[in-house]
Amino acid sequence: MNMQLDPHVKAVFDEIIAHAPDIGPTPSAGVVNLDPTVSDRGRRWLAVAAAAVLVVGVAGLVAFAGRDASRSPADEATVTSPPPDSGAGRPLSSMDQLASSDWVVATVLPDGLEYLYARRDSPALGPDRQSRAIAYGVPRGDGTDEELWVEIGRANVGTPDESFTVGEVVWSIERPEDSWWSASTRVGGTDLNVRGSGTFEQVLAGLTVVDDSNLPFTPLGGPDDAVVVARTNVDGDIYTYSIQESGRYKCDWVTSQDGASGGCGSLVQPDADVTIDAGVTTEPGALPGTVDAVRSGSVTAATASVEVVFADGTTVTVEPTDLSGTFDILFWIAAATISTDSQTGLPVTQESVAEVRAYDREGILIGTTIPLGLGQPDEEPSTEEQ
Amino acid sequence: MDLMHHDPHPERGQADEQVDVAWRTHAPAAVRFATAVVGPVDAHDVTTSAFLRVTSQPGWSDIEHFDRYLIRAVRNEAQNLYRQRRRRWQRDLLAVRPEASIDSLPDVDLLRAVASLSVRQRSVVFLAYWQDMTEAEIAETLDVTRSTVHRTLARARNALRKALT
């Protein structure tokens with residue numbers, strides 16, 4: 001091996017795999033099929049009401065200069081989410097109807113699981129997204145937190161394998177894999193679905209109905225539930241960046257007059273001095289062979305300017321803001337008309353942003369994020385590989 | 001509370017346990033490899049898809065060197081992911097060419113160079129530099145010829161060396 005490169009390359013891969021996610025529970029086909037919109041946070045970016053707005057989820061790999069050595073991931077640890085106040089709850093079997101302010105909570109949880117968040121679909125997300133759910137799981141913060149959902153407004157997606165009765169409530173149970181199950185019933189005219197793994201008897205037996213006011217945090221929602229933290233424009237189009245925090249989760253939205261894109265995820269981002277959280281790419285741009293790219297994210301409060309290097313080399317410098325005045329960090333949003341590859345029409349890089357750098361008031365670089373992505377395509381197809 | 005229940009599936013228990021043991025034993029290394037190749041956001045998905053693909057095959061538990069087989073499956077999933085994204089990019093006209101010339105920290109330059117490597121190059125470099133595998137071991141793990149490993153590694157080294165000068 002090349003001795004000059006060896007320690008440097010090893011160190012870079014040390015940094016890369018330091019971000020490796022926890023392996024989580026043993027996967028099963030059931031996990032993948034049950035709820036792809038919830039189980040995969042990396043793809044949970046939603047296009048809203050605008051055909052011209054494309055949704056791109058991005059993630060960064062972070063490198064630091066002059067980083068505060070005293071800061072560790074443990075310092076950024078999580079807000080503990082108390083469970084909903086189920087003492088004021090009503091038994092599910094006593095309910096004829098579920099009001100729009102009602103939530104069904106689990107009072108008996110499998111070992112190790114805890115309350116994570118409540119999520120209410122926004123009317124802005126479309127007519128087919130009218131459900132509201134409470135998620136339970138293990139707060140790993142790596143996109144695999146959720147392990148149990150109680151969702152109002154959703155039914156089983158497949159054919160029930162069996163039935164189960166608790167009190168006077170009859171549940172249809174679907175078990176695509178032995179360890180995973182999905183149970184549905186109807187309360188008045190409303191579907192109710194519970195999904196999880198392991199045994200379901202006690203979970204279903206412990207379901208209780210509570211009101212909005214009994215939830216520990218405001219439910220995660222859509223763009224209308226978020227506060228505007230930063231604003232920019234490109235080609236006369238104004239883009240705003242909005243945030244909603246709820247316990248240790250948050251939603252990010254980039255909105256314009258054409259619509260919005262964004263999604264929700266864990267607030268826990270160890271080492272996140274500079275993040276790239278949300279964005280849209282619209283086409284066409286102002287000129288032929290161009291697209292308008294918008295990206296947004298957060299920086300620490302010590303940041304005075306953010307330099308965003310788009311993939312074609314276009315560099316935009318913006319001042320981070322918190323227009324809401326409610327956060328202890330700052331946010332950036334940058335937009336640019338960037339060129340496409342005129343020769344091939346094919347991508348060379350995965351991300352429209354090559355790098356984001358944060359500078360303090362003295363102009364000193366205090367952090368930078370480089371999206372790792374998938375790099376460039378192989379030069380020739382391999383016929384030798386299996 | 002009135003509880004009524006029927007239809008358990010006890011015969012599936014042993015198979016589930018084998019899958020469980022295989023995941024706990026081999027997933028950490030596979031996730032690290034996936035993280036190096038596709039990044040942290042997609043790493044879990046890629047590993048999970050590869051693992052499910054492998055363990056859905058009849059007789060998967062008899063596979064010799066399951067660890068290497070899973071790494072190959074992860075590599076294949078990573079390349080599928082790239083192809084899927086590439087098709088989507090074509091549709092979305094998101095093709096752009098990086099031209100930025102940047103000067104800052106040495107490690108950032110190298111990180112940038114690693115980010116520009118292809119899936120195959122990144123796989124080989126990770127196994128060579130982080131796992132300390134020989135070219136022969138890499139060839140066996142990825143099921144490619146040794147000359148492919150040698151050629152891929154040489155090209156990747158050139159790209160990385162430029163980042164250090």
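The values are calculated or read from the model by the stated rules, or taken from the named source; none is laboratory data. It should be emphasised that the depicted structure is a prediction, and the values quoted were computed from it without experimental measurement. FYI the Cβ positions are ideal-geometry reconstructions off the backbone, even for glycines, and counts take in every protein chain you see.
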For this session: Determine which single condition B:Ser101 fails, assuming it passes every other condition in (1) modelled with pLDDT under 85; (2) in contact with a Ser or Thr (Cβ under 9 Å, 6 or more places away or on another chain).
Result: (2)
For this session: Could you pull out the residue among A:Asp252, A:Asp191 that is assigned to a strand (DSSP E or B), in contact with a strand residue (DSSP E or B) (Cβ under 8 Å, 6 or more places away or on another chain) and surrounded by fewer than 17 Cβ atoms within 10 Å (Cβ to Cβ)?
Result: A:Asp191
Problem set entry | Verdict on A:Thr282 being at pLDDT below 65, β-branched (Val, Ile, Thr), within 24 Å of the chain's Cα centre (by Cα) and within 19 Å of A:Ala336 (Cβ to Cβ) | yes
For this session: Inspect the stretch B:18-39 for any residue being touching an Asp or Glu at 6+ places or on another chain (Cβ under 8 Å), within 7 Å of chain A (Cβ to nearest Cβ) and at pLDDT below 85 and give the result as yes or no.
Result: no
Exercise. In the stretch B:55-68, which residues are surrounded by fewer than 19 Cβ atoms within 10 Å (Cβ to Cβ) and either at positive phi or more than 8 Å from every other protein chain (Cβ to nearest Cβ) (or both)?
Worked result: B:Gln57, B:Pro58, B:Gly59, B:Trp60, B:Ser61, B:Asp62, B:Ile63, B:Glu64, B:His65, B:Phe66, B:Asp67, B:Arg68
Exercise. Is there a residue being modelled with pLDDT of 80 or more, surrounded by fewer than 16 Cβ atoms within 10 Å (Cβ to Cβ) and of a type in the set (Ser, Thr, Tyr) anywhere in the stretch B:139-146?
Worked result: yes
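To keep it simple, each residue is scored yes or no on (1) over 30 Å from A:Pro83 (Cβ atoms); (2) assigned to a strand (DSSP E or B).
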residue	(1), (2)
A:Val209	no, yes
A:Asp224	no, no
A:Arg231	yes, yes
A:Ala260	yes, yes
A:Gly263	no, yes
